[in-house]
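The structure appears below as structure tokens.
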Amino acid sequence: MTKKSFRKIWFISLLSTSIPILAGALRAEVEDLVEEEKQALPEVPAGMIEALGHEEFKKRHAGQRDLLVWGKKDLKGSITSLYRVYREAEDPEIRLRSREVLKALVILKQPLPGQGYLGIQMDTARWKDEEGMLHPAVLITDVRKGTAADLATLRADDLITGVDQVLFDDLAPTRRLADYIRSKNPGDKIILKVRRGKEHLELTASLRRRPTALDEINQWGVLPVLPQETEMDEDYFQEWLKKQKKKERKAPKE
């Protein structure tokens, strides 16, 4: 046997003994990490889970509300823990209500992708300051129900005089506001400077996703029917659930 052949045999023999050892060590390390992650996850309070299936509607509703408050304290961990509760629940009421809380937490943690959307119809206007000077503004002519604008308590006839550090000029305040909002991401917060009668307000709005239907204006210039915010949330949550199920199928079985 030549020295070269001997070295090859020795190297192959070394690999055959080393690889199983390394693989075993790696497997043990992964198992330890998984176990640590499980231990670090917050445990869903048993009382809240039981309340979701209570025979009294008020108790079920209160349990769902309390569970949402609990989940907001640690979005990442609570989502993982609550997903397990949802998947394992046998009581249909617990499964339904845990799903609604889970969806709300998922939307909070992972805002819908796309451009920012406030949810108002607007027109150009002017407002007069104490010295009689006129300034450009955006007049809100309508507020779409359930949108960021609605949740921020904006109203029809409110005047938006600025947003964050942006002040409007005389050219096109509506275009300036629209472009600024679309430059933001869903979930971003903006501060709107608002005049409501004699009041000067600063209202914070958490932007949602701009509906793609807004860009599909027909040949007569009529706006299409827009999807409800709840429909967009449900579509996103369905996609999220599909991803979780794929992860479950790929995960090694214990």
Derived scalar couplings ³J(HN,Hα) [the range 159-167; Karplus, 6.51 cos²θ - 1.76 cosθ + 1.60; whole Hz; x for Gly, Pro]: 10, 8, 9, x, 9, 6, 9, 8, 10
Cα-Cα P(r), the range 116-208, percent of pairs per 10 Å interval: 18, 56, 23, 3
Vicinal HN-Hα couplings computed from phi for the range 89-105 (Karplus, 6.51 cos²θ - 1.76 cosθ + 1.60; Hz; Gly/Pro x): 5, 9, 6, x, 5, 5, 5, 5, 6, 5, 5, 5, 5, 4, 4, 4, 5
Over the range 150-202, relative contact order from alpha-carbon pairs under 8 Å, at least 6 apart, %: 44
Amide H partners (placed H, <5 Å) of Tyr117, local residues excluded: Arg208, Arg210
Interchain or long-range residues, amide H under 5 Å from Thr141's placed H: Gln121, Met122, Asp123, Asp157
Burial ordering of Ile190, Ile120, fewest other beta-carbon atoms within 10 Å first: Ile190, Ile120
Burial ordering of Ile49, Ile181, Ile160, fewest other beta-carbon atoms within 10 Å first: Ile49, Ile181, Ile160
Contact order relative to length of the range 116-208, as percent, for alpha carbon pairs under 8 angstrom and 6 or more apart: 31
Exposure proxy ranking, count of Cβ atoms within 10 Å, fewest first, for Ser98, Ser206, Ser183, Ser78: Ser183, Ser206, Ser78, Ser98
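Readers should treat all values here as calculations from the given coordinates under stated rules, not as data from a laboratory. Since the structure is predicted, the reported quantities are computational estimates derived from the model, not experimental observations. Every residue, glycine among them, receives a Cβ derived from its backbone with ideal geometry; neighbour counts consider all protein chains shown.
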